[in-house]
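First up is the structure itself, then whatever we jot down about it.
The values are calculated or read from the model by the stated rules, or taken from the named source; none is laboratory data. For clarity, every value in this text was computed on a predicted model and none was experimentally measured. Note: ideal-geometry Cβ built from the backbone for every residue, glycine included; neighbour counts use all protein chains shown. For accessibility, only protein heavy atoms count, side chains too; no ligands or nucleic acids. Shrake-Rupley method; radii C 1.70, N 1.55, O 1.52, S 1.80 Å.
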Amino acid sequence: MNGAKKASLPVVAIDLGGSKIAAAIISREYQILAREYHPTLASEGVASVINRIATAVKQITASTSTALSQTCGISIAAAGAIDHKRGTVTLSPNLPGWRDVPLGSIIQERLGSRTWLFNDANAAALGEHYLGAGRGVNNLIYLTVGTGIGGAIITNGQLYTGACGSAGEIGHMTIDANGPRCECGNVGCLETLASGRAIAREAIRRISSGERSSLTELTDGKIADITAREVAIAARQGDPLAGSVINNAAAYLGVGMVNLVNIFNPEMIIVGGGVASMGDLLLNPARQVVKERAFPVSSAAASIVTTELGHDAGLLGAAYFVFKQAEDREEA
Ligand SMILES: [Zn+2]
């Protein structure tokens, strides 16, 4: 098969997150031809998650009667520090036990199809830059606020990856030098103060210490089960405790953005991830902090917006990586 023909084929895209595995078949025109979700069940261990990824690829290809040989390969966007050249997950705070896992070569050998591996936030940032909210914007920061906080930086239209590929760990910028302990080993990271996990933890802590909230009824008294999603629902219904927990988290997010705005002077900060679906409830207090604290000229230049591609940003960005490489080879 010649290169040009191969390049017109679709790609199987996988987005491996801490709670779910998304699988899709994406055409060269970036149409999502099929999409499926599976639970990650990360606590079952590395081998079990790899089995589920392989199953996800087999199911999505079978459901669309697409042979893997009729795709240009498998592109995986995964949470954590990724060595893209070696196809290895170096470390992933949201995937316990994942340390130096050669995921790319394992999947490639098992399924017999060329496999690429990328960081999920980098993939989502490129997805938004080429197909979403960041089209035509050459200096942007992508932030994903979910269970944890991830990020990616695009400067002059290029992904900034740093000396060894681990740049953009925005969730692990220090906000409070004496703050709570983070999964990464440091303390007071943005992720410990403004992620979904942080929002839930703070609501649970305040209710457990005797403060009243409609969250108690909303969760039938099972306070330990509170997630950021319930806190957002209660805040929208006017619950003062839920509102204050989200305002505090949003203010910390804003402090993180002040640092980003002052250092990178971006045109846009795009916020994705599950917690970002709160929209202006989260972003308005953050925007206010940026307006009050960042350099005025930089603050005025930066628009803070929610993702356009939503949950598909990582999948579409993973596809983009592969199609772009194929394009570059055709042009060479
Ligand atoms: Zn950290």
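Note down the magnitude of the dipole of the stretch 134-307 about its Cα centre, charges +1 on Lys and Arg C-beta and -1 on Asp and Glu C-beta and zero elsewhere, to the nearest 20 debye.
120
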Measuring with a 1.4 Å probe in the full set of protein chains, what accessible area per residue, in whole Å², belongs to the chain?
45
Can you compute 3J(HN,Hα) from phi for each residue in the stretch 295-301, using the Karplus curve 6.51 cos²θ - 1.76 cosθ + 1.60 with θ = phi - 60°, rounded to whole Hz and x for Gly and Pro?
3, x, 5, 6, 4, 5, 7
I'd like the accessible area for His84, computed on protein heavy atoms only with a 1.4 Å probe and all protein chains in place. Round to 10 Å², please.
80
Would you mind finding the longest exposed-site-free stretch of the chain, with exposed trypsin sites (Lys or Arg not before Pro) meaning DSSP loop and at most 12 other Cβ atoms within 10 Å?
223-332
Have a look at Leu91, Ser63, Tyr142 and report the one farthest towards the positive end of the charge dipole of the stretch 35-160, computed about the Cα centre with Cβ charges (Lys/Arg +1, Asp/Glu -1).
Ser63
Inter-part distance where the stretch 67-84 and the stretch 273-312 are each reduced to a Cα centre, Å
30
Of all accessible surface on the stretch 134-307 at a 1.4 Å probe, what whole percent is carbon and sulfur?
49
Amide H within-cut-off set for Gly134, under 5 Å, with H built and near neighbours excluded:
His129
Per-residue HN-Hα couplings for the stretch 100-108 [Karplus 6.51, -1.76, 1.60; θ = phi - 60°; Hz; x = Gly/Pro]
6, 9, x, 4, x, 6, 4, 5, 4
Residue by residue through the stretch 27-33, the couplings from Karplus 6.51 cos²θ - 1.76 cosθ + 1.60 with θ = phi - 60°, in Hz, x for Gly and Pro, are 6, 4, 8, 6, 7, 7, 7
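Could you tell me the number of lysine pairs in the chain with C-alpha atoms less than 19 Å from each other, where the two lysines are 8 or more residues apart or belong to different chains?
Lysine pairs meeting both conditions in the chain amount to 4.
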Leading residue at positive end of dipole, the stretch 134-307 (Cβ point charges), from Ser299, Val271, Leu260
Ser299
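For Tyr37, Tyr252, give me the order by solvent-accessible area with a 1.4 Å probe, most accessible first, ignoring ligands, DNA and RNA.
Result, largest first: Tyr37, Tyr252.
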So for the chain, averaging the separation of alpha carbon pairs under 8 Å that are six or more residues apart and normalising by length, what relative contact order in percent results?
17
